1. Per residue, how much accessible surface does region 128-229 expose to a 1.4 Å probe? Answer in Å², no decimals.
2. Could you work out which residue, out of Ala171, Ala157, Ala46, moves most in a Gaussian network model of the chain, that is, has the largest mean-square fluctuation with Cα springs under 10 Å?
3. Given the rule -39500 (n - 2.57) for each run of at least 4 DSSP H residues, summed and divided by the residues of the chain, what is its mean residue ellipticity at 222 nm, to the nearest 500 deg cm²/dmol?
4. Where the only charges are on Cβ atoms (+1 Lys, Arg; -1 Asp, Glu), what is the dipole of region 128-229 about its Cα centre, to the nearest 20 debye?
5. Averaging the inverse of every distinct alpha carbon separation and then flipping it gives the Kirkwood radius. What is it for the chain, in angstrom units?
6. Return the sequence-ordered ³J(HN,Hα) values of region 59-73 in whole Hz as given by the Karplus equation 6.51 cos²θ - 1.76 cosθ + 1.60 applied to θ = phi - 60°, using x for Gly and Pro.
7. Which net charge results for the neighbourhood of Asp121, defined as the other residues with beta-carbon distances under 9 angstrom from its beta-carbon, given Lys and Arg at +1 and Asp and Glu at -1?
8. Pull out a ≥ b ≥ c, the square roots of the eigenvalues of the alpha-carbon gyration tensor of region 120-197, then state rounded if a/c is under 1.5, prolate if not and a/b is larger than b/c, and oblate in the remaining case.
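The values are calculated or read from the model by the stated rules, or taken from the named source; none is laboratory data. Every value quoted in this text rests on a predicted model; they were computed, and no experiment measured them. Using ideal geometry, Cβ is built from the backbone for each residue, glycine included, and neighbour counts are taken over all protein chains shown. For accessibility, only protein heavy atoms count, side chains too; no ligands or nucleic acids. Shrake-Rupley method; radii C 1.70, N 1.55, O 1.52, S 1.80 Å.
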Amino acid sequence: MRIILSESTSEAVQTVAEAMLEKIESISASVLGLATGNTMIPVYEAWVQMALNRSVDHSYAFFFMLDEYLGINADHPSGFQEYVAKHLFNPLGIRKDQFTLPPVHDEGSYERTIKESGGIDLQLLGIGTNGHIGFNEPGSTGNSRTRRVILSEETIAANSKNFQGKMPTEAITMGIQTILESKSIILLATGKSKADAVKYLMNHHDDPACPATFLKSHPHFTLVIDPDAASKVNLKI
Ligand code: F6R
């Protein structure tokens, strides 16, 4: 695991946005896995800004979404499809045929589509306060694949703050094994609310109580943290 301890949240955000954009600059037909959540809003903002400044062509790239709520319409304002359209795809002019979400039925087809694309070059992740990645909640196994899941109470409590309308209790998510098959993975954790999860991640391996710990066995896993997220671990810049 490579750890990048940033001096500020904005530096951490910039580092992650730069990594995503550099992937597309180096391989225009990159396959990227995208996460949503509050953590990623400034990342997408920085990505869009830099891409426009540097005129980076995104027209050959392909994007896989990590997860989506179940039981909402595709155009629900709090759904992940709307989120990514608003924060990344619309500002960059990314077409509908350049991305896909985990399908509600036939979850196995997502695994096949990812394989047929050549695999995910770089998967972007956030982390839940309970250590989840995607919607792989505590208790998820390292060999889990794309599937329907029931959201934990902690996730429902955290996400319902921003959800317009009734918060779904189920979702579909890439599995931990699916994520681990990505060629490289970058996880961004910012803010004090993530400090316990980051501490647990640092001190444990392959522990279903904190699904993010499975990432540590990946040869190209980078953890980017800001000072608040790192506040409970002993790290020096
Ligand atoms: C989002 C996702 C989740 C979030 C995590 C952190 O697609 O899969 O794992 O990354 O819940 O969410 P925020 O950033 O809102 O704290």
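1. With all protein chains present, region 128-229 gives 41 Å² per residue.
2. In the Gaussian network model the winner is Ala157.
3. -8500 deg cm²/dmol
4. Once rounded to the nearest 20, the dipole reads 220 debye.
5. 17.7
6. 6, 9, 7, 10, 10, 10, 7, 6, 6, 7, 5, 9, x, 10, 6
7. So the environment of Asp121 carries a net charge of +2.
8. oblate
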